[in-house]
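K.L.:
One structure is given below, represented as structure tokens, and several questions about it will come after.
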Amino acid sequence: MRLGVNIDHIATLRQARGGLEPEPVFGALIAEAAGADAIVAHLREDQRHIKDKDIFLLKEVVNTRFNLEMSIAPEIIRVASKIKPDQATLVPERRRELTTEGGLNVVKKQKKIGQAVKKLETAGIEVSLFIDPNKNQIRAAKKTGARFIELHTGAYANARTKAEENKRVTELKSAVVFARGIGLRVFAGHGLNYNNVSRIAALKEIEELNIGHAIISRAVFSGLGRAVGEMKDLIK
Ligand code: PXP
């Protein structure tokens, strides 16, 4: 099973000061050197963290696979078609949300999503649809012509009781089997962390997990002691 590392939060930190550091591209290279199998970034319409220029640079330097998360807004499709990441993961996007809150409603927006899939595939980009583990959504995803889906693991990650967690794992398991059965390739992600990843990693037919928040959060603390030490040495 591969790991895609989402580097949005590096850009979030950079935007806290609006300057040049930390540079997301540098983060992408470190992630790749440490074994990441793909780099994921979300170009939101408001460009609150990742910007057009980051996407352009990532396309140039990512050596593994560059997976661009994006909405189906025409302007974003235009940018993606020009830059041509290896993969586009279509996600729903609400302006004021803190992060992607749910999967795409492909059942309701099958036609529009299908058109976006076609445009992106014509530009040579593989397309994945980020959806909840629900058979109707999976069937609709297949009908759009997309060859990949990413199952939303947020409900599993947010489960507060063991019973709820078991229910969500069963739901994900049957979604994976169903999707594979109709010929879709399956990724998963959202809310996965160091405590909850193992039950999802055990679902062997998932090809790739996409993880961001937990990894960047862990990086802050695994690097903080050293960063303080380096500054202390300079001051001395
Ligand atoms: N997959 C998709 C489609 C997402 O939108 C996100 C969040 O940007 C992730 C995976 C990663 O989620 P997290 O940051 O919670 O690991």
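The values are calculated or read from the model by the stated rules, or taken from the named source; none is laboratory data. This structure is a prediction, so every number in the text was calculated from the model and none was measured. Backbone-built Cβ (ideal geometry, glycine too); neighbour counts: all protein chains shown. Please note that ligands, DNA and RNA were not included when accessible areas were found on the heavy atoms of the full protein model with its side chains. Shrake-Rupley method; radii C 1.70, N 1.55, O 1.52, S 1.80 Å.
K.L.:
What spacing in nm lies between the two simple spin-label points modelled at VAL228 and GLU60, each 7 Å away from Cα in the Cβ direction?
P.N.:
Once both label points are built, they end up 3.7 nm from each other.
K.L.:
Which shape class applies to segment 151-220: rounded if a/c is under 1.5, otherwise prolate when a/b exceeds b/c and oblate if not, where a ≥ b ≥ c are the square roots of the Cα gyration tensor eigenvalues?
P.N.:
The shape class here is oblate.
K.L.:
Hey, can you find the accessible area per residue of the chain for me, probe 1.4 Å, expressed in square angstrom?
P.N.:
That works out to 53 Å² for each residue.
K.L.:
Also, I was wondering about something else. Kindly sort ARG139, ARG160 by accessible area of their heavy atoms, largest first, with the probe set to 1.4 Å.
P.N.:
The ordering from most to least exposed comes out as ARG160, ARG139.
K.L.:
Describe numerically, in nm with one decimal, the distance between label points set 7 Å from Cα along Cα→Cβ at ALA16 and at GLU121.
P.N.:
4.2 nm
K.L.:
Kindly point out which whole DSSP H helices in the chain project their C-alpha atoms 27 angstrom or further along the helix axis while averaging a Kyte-Doolittle hydropathy of -0.5 or above.
P.N.:
Counting only whole DSSP H runs, the qualifying helices are 213-235.
K.L.:
Mind jotting down the three principal axis lengths of the chain based on Cα atoms? Whole angstrom, largest first.
P.N.:
Ordered largest first, the chain gives principal extents of 63, 44, 32 Å.
K.L.:
Identify the GluC sites (Glu not before Pro) of segment 133-236 meeting these criteria: DSSP loop state and at most 10 other C-beta atoms within 10 Å of the C-beta. Provide the component values of the computation, followed by the final result.
P.N.:
Numbers: sites: GLU150, GLU164, GLU165, GLU171, GLU205, GLU207, GLU208, GLU230; in loops: GLU205, GLU207.
Listed in order of number, the matching sites amount to none.
K.L.:
With r defined as the distance between the Cβ atoms of THR170 and MET1 and R0 fixed at 25 Å, what FRET efficiency is calculated, to the nearest 0.05?
P.N.:
Between THR170 and MET1 the formula returns 0.85.
K.L.:
I want to verify the translational diffusion coefficient of segment 112-236 in µm²/s; compute it with Stokes-Einstein, Rh as the Kirkwood radius over Cα pairs, at 20 °C and 1.002 mPa s.
P.N.:
D = 130 µm²/s.
K.L.:
Counting only helical runs of four or more DSSP H residues, what would the 222 nm mean residue ellipticity of the chain come to if each run contributes -39,500 (n - 2.57) and the total is spread over all its residues?
P.N.:
-15000 deg cm²/dmol
K.L.:
So how much slack lies between ARG160 and ASP46, counting 0.36 nm per residue of separation and subtracting their Cα-Cα distance, in nm?
P.N.:
Numbers: separation 114, 0.36 × 114 = 41.04 nm, distance 3.24 nm.
That works out to 37.8 nm of additional length.
K.L.:
With a sphere of radius 10 Å drawn around the Cβ of VAL127, what net charge do the other residues whose Cβ falls strictly inside it have (Lys, Arg +1; Asp, Glu -1)?
P.N.:
Details: positive: LYS118, LYS119, ARG147; negative: GLU121, GLU126.
That sum, taken over residues with Cβ under 10 Å, equals +1.
K.L.:
Separate question: Could you give the nm distance between label points at HIS213 and GLU23, where each point is 7 Å from its Cα heading toward the beta carbon?
P.N.:
Spacing of the two 7 Å Cα→Cβ label points: 2.9 nm.
K.L.:
Continuing with this model, one more query. At a 1.4 Å probe, what is the % contribution of carbon and sulfur to the accessible area of the chain?
P.N.:
Heavy-atom surface of the chain belonging to carbon and sulfur, 1.4 Å probe: 55 percent.
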